[in-house]
Amino acid sequence: MEKSTVSKRVLTVLVAVLLFVVAFFAGFAVCYFRGGADDAKALWIKNMIDTYYYEDIDPDDVYSLIGEELLDPYSDYYDETAYAELSNGRKGNKSGFGFSYYIPEGEDVARVYAVSGSSPAERAGLRAGMRIFGAGRSEDEIVSVSGSEFSAYFDSLGLEDGDTVFFETDAGIVSVTRGAYKENCVFYRDADCGYRFVGEDALDAERTAEALALPDDTAYIRITSFSGNVAQQFAAALEIFKDAGKKHLILDLRGNGGGLLSDLQKVASYLLKDAEGDRPLVVRAKYKNGKTETYRAAKNEYRSYFAEDSRVWVLADSNTASASECLIGAMLDYGTIGYGDILLSEIDGVAKTYGKGIMQSTFQYIDGSAIKLTTATVHWPVSDNNIHGRGVLPQDGAIAVAATAQPDTEEIESDLLRMVGVIAANS
């Protein structure tokens, strides 16, 4: 588990998962393969690396590499159980409470860090920024604990799906029942209302009161991940956009670390302004053997939702990675946006996207385990640009906007309003 300025503890499986197709991943964690495999599996892994890894590796080094870190931060080994869980999760099928927490610097109290869409935590009313003072299996059993003690105490409850926990927060008592859920990855807001997607498949549009101070002709859509039913959710959000008579769009990709290439291809279908043909090129992958593979949008539907003079702006940050960066690149290459339409959250003096311009493939072994390997560099469709290790920067013409590193609800909203204000000033 990585540590930054705050310590975070994930309470649910909020990880990216690969199927048997090439996929993009957030890839901020490094996994290890430490022995225990039989000689046949070790030889299979070596052969996969020799054949598919995007860079040449000295054959004599392969065994030592798989005994420690598996090649790079994006290449992983999964045992059978882990791979099955990851594969299920990539389909948007999650299990848990659906929130994470952290201990702010200078405070000894647990604070909600993030809440998954359509999760038990979201449905119960937990929100980013809430402080948690205690928890228990009933209101009468709530135990007040400090932030430094919260993790151990929460673990001691031994919670499983179906169990309910009562949290004492600064917004009152919130009860959350742990269980399975389909994650919602798309959120819509305009000047009148908001929408999120709920239900068994997270495809039922539910109107909310979360309006945003926007011009009457502008809407806001946030995409948190390219996974689950994100493509259907985004298409439904655009129908809401169209039915409401909106013309301009603010697309929020902050914190979106990527996901499946197939989902990127579907979402991009609606956002390529000057692209020609029924299935425009979205991503070009280049392999070490010289082969180039192309990936195209599922269709070309920009004109069904946007006018010639429609404007699109993109919000991004240092956790906007992989598939998100490829979507930005395709939008730039096809004239949907210019660099001046990209607003980068500047935190602690840093304003950029993550900079992941490589692609992974997953290969499954006969026992159900699998390895994920970096297999290609990825390039934007027209310019052939590769932003690996660099990202999109203010030097390119993107606009840096001061933001906060703290995930407090009010601060998140103030960051968003600040960006909206910059958009209005530059329109």
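For this structure, a couple of remarks:
- Close amide-amide hydrogen proximity is noted between Ile132 and Ala110, Arg111, Val112, each under 5 Å apart and 5 or more residues distant or on a separate chain (H modeled in the peptide plane; Pro and chain starts excluded).
- Label-point gap, in nm, between Lys242 and Thr404 - each point 7 angstrom along Cα→Cβ: 3.9
- Of (i) 21.9, 66; (ii) 20.7, 63; (iii) 21.9, 70, the label for Rg and Dmax of the Cα atoms in Å derived from the coordinates: (i)
- Apolar share of the accessible surface for segment 113-205: 41 percent from carbon plus sulfur atoms, 1.4 Å probe.
- Between Arg311, Arg111, Arg196, the residue with the greatest mean-square fluctuation in the GNM of the chain (Cα pairs under 10 Å linked by springs) is Arg311.
- Rounded to the nearest Hz, the phi-derived 3J(HN,Hα) couplings of segment 247-262 under the Karplus curve 6.51 cos²θ - 1.76 cosθ + 1.60 (θ = phi - 60°) are 10, 10, 9, 9, 9, 9, 10, 5, x, 8, x, x, x, 7, 4, 4, where x marks glycine and proline.
- Lys/Arg +1, Asp/Glu -1 at C-beta; the chain dipole; positive extreme among Tyr287, Gly92, Ala297: Ala297
- Amide H partners (placed H, <5 Å) of Ala400, local residues excluded: Leu344
- Remark: the Leu157-Leu417 segment gains 89.7 nm on full extension, using 0.36 nm per residue and subtracting the alpha carbon distance.
- Residues within the reach of a label modelled at Glu301 (point 7 angstrom out along Cα to beta-carbon, backbone nitrogen below 16 Å), restricted to segment 260-279, are 262-273, 278-279.
- Hz values of 3J(HN,Hα) by residue in segment 85-91 - Karplus curve (6.51, -1.76, 1.60), Gly and Pro given as x: 5, 5, 4, 5, x, 5, 7
- Charging the Cβ of each Asp and Glu at -1 and of each Lys and Arg at +1, and nothing else, the dipole of the chain about its Cα centre rounds to 1060 debye.
- Within a Gaussian network of the chain (alpha carbon springs, distance under 10 Å), most fluctuating of Gly335, Gly134, Gly172: Gly172
- Contour minus Cα-Cα distance for Ala84 and Glu107 (0.36 nm per residue): 4.5 nm
- Net lengthening on full extension, Tyr339/Ser383 (0.36 nm per residue, minus Cα-Cα): 14.5 nm
- Computed from the C-beta positions of Leu43 and Thr294 and an R0 of 41 Å, the FRET efficiency is 0.80 to the nearest 0.05.
- Average accessible area per residue (Å²) across the chain - probe 1.4 Å, nucleic acids and ligands excluded: 42
The values are calculated or read from the model by the stated rules, or taken from the named source; none is laboratory data. Because the structure is predicted, anything quoted here is derived from the model rather than measured. Reconstructed Cβ throughout: ideal geometry from the backbone, glycine too, with neighbour counts over all protein chains shown. These area figures cover heavy atoms from the full protein model, side chains too; ligands, DNA and RNA do not enter into them. Shrake-Rupley method; radii C 1.70, N 1.55, O 1.52, S 1.80 Å.
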